[in-house]
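Student: Take a look at this one; I'll ask things after.
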Amino acid sequence: MFKQLTEAQLDPILSLSIAYREDKRAEKLDLGIGVYRNSQGETPIMQAVQLAQQQVMESQRTKAYVGLAGNEIFNQSMMDLLLTDTSAYHRAAAVQTPGASGALRMLADLMYLAQPETTVWISDPSYVNHKPVMEAAGLKVKYYPYFDRVTKQVNREAMLAALAKAGPKDVVLLHGCCHNPTGADIAFEDWQAITTLANQNGFMPFVDIAYQGFGDGLAQDAAGLKYMADHTEEMVVATSCSKNFGLYRERTGAAIVISDSLKEAQKAKGRILNLARSTYTMPPDHGAALVAAILTDDALSATWRDELSQMQARLVNLRASLTQAVRAQGSEAFDFIDQHKGMFSVTGLSPEQIARLRDEFAIYAVGDGRINIAGLREQQVDYLAHALVTVSQ
Ligand code: PMP
């Protein structure tokens, strides 16, 4: 049977990692794969996670199944992080999923179940998995204009003009904060404007928030999402603990459905559980158990918040010093890096320029021009600035 299959396409980011590992040059820099790194170039287990891990090890007495919705304390904690102080808090239901990836797919399946003719509008460009996941669920995908490749900022007018055409059969997928790949976020006024459009024209907002805490801080990063949740009847959210808890391989995330009543939200939750049952049945427990232990303990929570704000500060500082270093080379062409949020920035470099970065400077970045700021070490800021200016001339 399988002889009929054609070969799978290689994942461009994974092949980049392999090439990086094999590169012998001492000055090499990996700005490709999307994981947070500290100043030593490591992705360590967070202190709060280590402490929670000890707690869970000592208190866990069984590995029996938890339940289709996963850890309900975790689910509640995710709603606390994202929806506290909104009217939506009391008309929302959450399901633990294998990462935000699992949440994206479960929510896509739910939308297909409710309305198979749904079109999901995603930003141009968007997270590489958005389109394939939505399409795998049977949904149609369209792009709305987002990133202005000249200013490296959001093209607000074009975005709002396109979204003004979305209607009741449409879903608009937004990044909660720290847009992947561009780093260009919509402003709070844009959240308000899109909320008004959703209410006028009947489309449903779908917010994917995978980097809460990496932009301006935990609360600030959810401000737009909260406003929208507060002012719309129906909305869905995919959230991830991969980055802000450093739990990548533990596959920890949640799908949240907000409806006009708790009863409706619970009904949707029940249907997600049916969908989960026919795929992976239950999410893995460990990561969610750790997050629940952290977020229900004041001391652990404080440790986590502190570590997260240090990670955020590192990104903000790297962005500022890289921009300064480029300016010191006589160029203002990369000033946008300081305005972008989170780990990523789309630099506007062409595939040829990205290839020059790799060949001449041992700097590895994705072919679409995205760089991961967290991959940078403080002592290599000047080196990267010099390389960026050289290849862009
Ligand atoms: N959404 C976005 C925007 C992402 O960047 C990512 C991860 N890179 C995900 C979802 C998936 O995250 P997870 O590891 O939690 O599945």
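The values are calculated or read from the model by the stated rules, or taken from the named source; none is laboratory data. All values derive from a computational prediction rather than experimental measurement. All Cβ positions, glycine included, derive from the backbone under ideal geometry; neighbour counts span all protein chains shown.
Student: Working only within the stretch 359-368, note down all residues that are over 26 Å from the mean Cα position of the chain (by Cα) and either in contact (Cβ under 8 Å) with a residue 40 or more places away in the chain or not assigned by TED's automatic domain parsing to the domain that holds VAL326 (or both).
Tutor: Result: PHE361, ALA362.
Student: So PHE74 passes all but one of these: (1) surrounded by fewer than 16 Cβ atoms within 10 Å (Cβ to Cβ); (2) among the aromatic types (Phe, Trp, Tyr); (3) within 16 Å of the ligand (Cβ to nearest atom). Which condition number does it fail?
Tutor: (1)
Student: Among the residues of the stretch 140-147, is any of a type outside the set (A, V, I, L, M, F, W, C), out of contact with any Asp or Glu (no Cβ under 7 Å at 6 or more places or on another chain) and under 19 Å from VAL346 (Cβ atoms)?
Tutor: The answer is no, given that none of the residues of the stretch 140-147 is of a type outside the set (A, V, I, L, M, F, W, C), out of contact with any Asp or Glu (no Cβ under 7 Å at 6 or more places or on another chain) and under 19 Å from VAL346 (Cβ atoms).
Student: Moving on to the next point. Kindly indicate the residue of the stretch 369-379 that is in contact (Cβ under 8 Å) with a residue 40 or more places away in the chain and surrounded by fewer than 17 Cβ atoms within 10 Å (Cβ to Cβ) and also farthest from the chain's Cα centre (by Cα) among those meeting that condition.
Tutor: GLU378
Student: Kindly evaluate ARG25 against the criterion of being within 21 Å of TYR364 (Cβ to Cβ), in contact with a Gly (Cβ under 7 Å, 6 or more places away or on another chain), at pLDDT 95 or above and part of a loop (DSSP other than H, G, I, E, B).
Tutor: Answer is no for this residue.
Student: SER242 is checked against (1) surrounded by 24 or more Cβ atoms within 10 Å (Cβ to Cβ); (2) touching a Phe, Trp or Tyr at 6+ places or on another chain (Cβ under 9 Å) and fails just one. What number does that condition carry?
Tutor: (1)
Student: Quick one: TYR65 ticks every box in (1) closer than 22 Å to MET134 by Cα; (2) among the hydroxyl-bearing types (Ser, Thr, Tyr); (3) more than 16 Å from the ligand (Cβ to nearest atom) except a single one, so which number is it?
Tutor: The number of the failed condition is (1).
Student: Give ALA69, ALA93 a once-over and let me know the one that is aliphatic (A, V, I, L, M), assigned to a strand (DSSP E or B), assigned by TED's automatic domain parsing to the domain that holds LEU174 and farther than 29 Å from ALA161 by Cα.
Tutor: Criteria check complete, one pass: ALA93.
Student: Now for a separate question. For the stretch 87-119, which residues satisfy the criterion of being within 16 Å of the ligand (Cβ to nearest atom), under 13 Å from VAL236 (Cβ atoms) and touching a Ser or Thr at 6+ places or on another chain (Cβ under 7 Å)?
Tutor: ALA100, ALA103, MET106
Student: Quick check on the stretch 221-239. Is at least one of its residues acidic (Asp, Glu), within 11 Å of the ligand (Cβ to nearest atom), in the same structural domain as MET282 (by TED's automatic domain parsing) and not in a strand (DSSP E or B)?
Tutor: No, the stretch 221-239 contains no residue that is acidic (Asp, Glu), within 11 Å of the ligand (Cβ to nearest atom), in the same structural domain as MET282 (by TED's automatic domain parsing) and not in a strand (DSSP E or B).
Student: Residues that are under 22 Å from the mean Cα position of the chain (by Cα), within 16 Å of the ligand (Cβ to nearest atom) and without any contact (Cβ under 8 Å) to a residue 24 or more places away in the chain, at least 2 per element: which strands (runs of 3 or more DSSP E) completely within the stretch 123-213 meet that?
Tutor: Of the strands (runs of 3 or more DSSP E) lying wholly inside the stretch 123-213, those with at least 2 residues that are under 22 Å from the mean Cα position of the chain (by Cα), within 16 Å of the ligand (Cβ to nearest atom) and without any contact (Cβ under 8 Å) to a residue 24 or more places away in the chain span 140-145.
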